[in-house]
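Below is one structure; the comments refer to it alone.
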Amino acid sequence: MKNILVTGGTGYIGSHTALALREAGYQPILLDNLDNSELFVLDSLEKISGVKFPFFEGDCRDSEIYSKIHELYPFDSIIHFAAHKAVGESVENPLKYFDNNINGCIVLLAAMKKLHVKNLIFSSSCTVYGNPENAMVTEQTPLAMPESPYGYTKLVCEQIIEQVLNSSSNLSASLLRYFNPIGAHQSGLIGEKPVGIPNNLVPYITQTAIGIRECLSVFGNDYPTQDGTCVRDFIHVCDVADAHVAALKHIEKQTKPSLFKFNIGTGKGTSVLELISSFEESTGIKLNWRYADRRTGDVIEIFANTDLSNSTLEWKAKRNINDAMRDAWNWEKSLHDLNNA
Ligand code: NAD
Ligand code: UFG
């Protein structure tokens, strides 16, 4: 079995990807400093897969950690999820984000060079397109200054990776620009566990439905979209996980150092109101919501053109938003049981 180092491996997308890797016959080696995830994820992964995943508690900014892991579990490829991702916090404390996300990426690239690790799959975001003129973006859509310091770290890391690749003779990378990952594993054993009041729509919906929050505020109803609310490309987290396996297989096939950029979305825009309807339809629960003022910095409408990822990676999102809302709800109920146990 090929070892794959997965930084941020106990996090939301990292844990789902670890499972997908294992199912595809890889051995994921998880590295996480548990800043935004907990150890119980490892037990859940074992329950689902029947195997223990090697785990290292450590920080991506620690250059020594890579050599230590490489000695025990030699690896050729890294999937780099580890980063801070709270947009609001990044506005209040940009340096925290520059240090963790940008420094983390630099230290990792240096370790790759030192250890002759060939392949990098990097977690980027559609935030690199800013607020685009055309809602449907391709990988060729010009990049724009993101609205937040968090988004800026993604743009900078993409550029750092590109420039390091230009100067290197044996490094390949795939930059995966995720749209809006939502939902959870169908087992209900892993999912997203937001700290404090959720910023993101889906955790806010499920927390409202379970009674943790009183009412969902829908930010803005006068946008120039079909129903006045913002439009996003919501994609099931297990489809995002599968995209990593596809990107890994693709990069492993390369015979010369290469750089790829892929949109990881469904190709379909869904409005905030449509997502609420999908939640109500797939769970049978009536959600308490009301309109509120627009949220500063929100992109009006964005969704992926997925032609390139679909054809090159031979990957396509298979699950729909109803599947994602059903799984998000099951996960919220599991979390509720976990917290009340
Ligand atoms: P997450 O917070 O659930 O997972 C990130 C993990 O990285 C956490 O477990 C955290 O403890 C760990 N981590 C953070 N800094 C670290 C460090 N210096 N060293 C070691 N571990 C560290 O987030 P996620 O939603 O799984 O996101 C994964 C990646 O995808 C991030 O890079 C994020 O920016 C990117 N992304 C996420 C979304 C989204 O909506 N979830 C969208 C676009 C891009
Ligand atoms: N929304 C509400 N009410 C809420 C939360 C969100 O109406 O309580 C709306 C937002 O205004 C937006 C939509 O739901 O119109 C989606 O909001 P999210 O916060 O779930 O997602 P965003 O697209 O705004 O942000 C996501 C990631 C960010 C990333 C950004 C761009 O969470 O990390 O995509 O890639 F920077």
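Of all residues in segment 159-206, those being within 13 Å of ligand 2 (Cβ to nearest atom) and under 23 Å from D239 (Cβ atoms) number 19. For segment 172-204, taking the residues that are within 9 Å of ligand 1 (Cβ to nearest atom) and assigned to a strand (DSSP E or B), the one that is nearest to Y129 (Cα to Cα) is identified as R177. Going through (1) of a type outside the set (S, T, N, Q); (2) more than 15 Å from T208 (Cα to Cα); (3) open to solvent by less than 40 Å² (accessible area, probe 1.4 Å); (4) in a loop (DSSP other than H, G, I, E, B) one by one, L287 falls short only on (2). Residues in segment 107-155 that are more than 12 Å from ligand 2 (Cβ to nearest atom), in a helix (DSSP H, G or I) and more than 24 Å from A243 (Cα to Cα) were compared, and the one that is least open to solvent (accessible area, probe 1.4 Å) is A111.
Note on segment 223-253: residues that are surrounded by fewer than 21 Cβ atoms within 10 Å (Cβ to Cβ) and in contact with a Lys or Arg (Cβ under 8 Å, 6 or more places away or on another chain) amount to 1.
Among the residues in segment 303-310, are any small (G, A, S), under 26 Å from G220 (Cα atoms), in contact (Cβ under 8 Å) with a residue 24 or more places away in the chain and exposed (fewer than 15 other Cβ atoms within 10 Å of the Cβ)? So far as segment 303-310 goes, no, none of its residues is small (G, A, S), under 26 Å from G220 (Cα atoms), in contact (Cβ under 8 Å) with a residue 24 or more places away in the chain and exposed (fewer than 15 other Cβ atoms within 10 Å of the Cβ).
Out of the residues in segment 168-190 that are within 13 Å of N119 (Cβ to Cβ) and of a type in the set (G, A, S), state the one that is farthest from the chain's Cα centre (by Cα). The residue in question is S168. Residue count for segment 6-48, restricted to those that are among the hydroxyl-bearing types (S, T, Y), more than 9 Å from ligand 1 (Cβ to nearest atom) and over 20 Å from L338 (Cα atoms): 1.
Considering the conditions (1) among the aliphatic types (A, V, I, L, M); (2) open to solvent by 40 Å² or more (accessible area, probe 1.4 Å); (3) in contact with a helix residue (DSSP H, G or I) (Cβ under 6 Å, 6 or more places away or on another chain), I197 is excluded by exactly one of them, (3).
Among the residues of segment 57-101, the ones that are in a helix (DSSP H, G or I), among the hydroxyl-bearing types (S, T, Y) and either open to solvent by 40 Å² or more (accessible area, probe 1.4 Å) or within 28 Å of P149 (Cα to Cα) (or both) come to 4 in all.
The values are calculated or read from the model by the stated rules, or taken from the named source; none is laboratory data. What you see is a predicted model; the values in this text were computed from it and never measured. Glycine also receives a Cβ, built like all others from the backbone with ideal geometry; neighbour counts cover every protein chain displayed. Surface areas here come from the heavy atoms of the whole protein model, side chains and all, with no ligands, DNA or RNA. Shrake-Rupley method; radii C 1.70, N 1.55, O 1.52, S 1.80 Å.
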